[in-house]
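The values are calculated or read from the model by the stated rules, or taken from the named source; none is laboratory data. Quick caveat: nothing in here was measured; it's all calculated off a predicted structure. No Cβ is skipped: glycine too gets one built from the backbone with ideal geometry, and neighbour counts run over all protein chains shown. Just so you know, the surface numbers come from the protein's heavy atoms only, side chains and all, with ligands and any DNA or RNA stripped out. Shrake-Rupley method; radii C 1.70, N 1.55, O 1.52, S 1.80 Å.
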Amino acid sequence: MIDRHKIDTMITELGIESYGIYWLIVEKFCLYGDYMMPYSAIPNLARKYSTPQEKINKIINDYDLFILHKDSFYHEDIKKEMEKKNI
């Protein structure tokens, strides 16, 4: 479940654009078979959407919105739901 307080904190600190970036990241999880995005995908996202890589990194790492796992990250609820649908 999305923690509204964490989202509100992110928006307050990084601006409303961060909310769009958050949802862009969530959508992109579906492109990966394991619903986990490798950190190596971040530079491409930043370049493609003309967004500073540092902002994307902050959204991923600083607001406890994603689960960090070795060289990748994921959204716990999205991963669970997608895995249920693909059984």
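Results, tabulated for the structure shown:
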{"quantity": "Within straight-line cross-link reach of residue 58, lysines at Cα separation under 24 Å, skipping those fewer than 8 residues along the same chain", "calculated": "6, 28, 48, 70, 79, 80"}
{"quantity": "Length released on extending from residue 11 to residue 62, taking residue separation times 0.36 nm less the Cα-Cα span", "calculated": "17.1 nm"}
{"quantity": "Probe 1.4 Å, accessible area per residue of the chain, Å²", "calculated": "63 Å²"}
{"quantity": "Charge context of residue 24, other residues only, Cβ under 12 angstrom, K/R +1, D/E -1", "calculated": "+1"}
{"quantity": "Kirkwood hydrodynamic radius of the chain, Cα pairs, Å", "calculated": "13.2 Å"}
{"quantity": "Efficiency of FRET between residue 54 and residue 81 - r from beta-carbon atoms, R0 25 angstrom, step 0.05", "calculated": "0.25"}
{"quantity": "Whole-percent carbon and sulfur share, accessible surface of the chain, 1.4 Å", "calculated": "55 percent"}
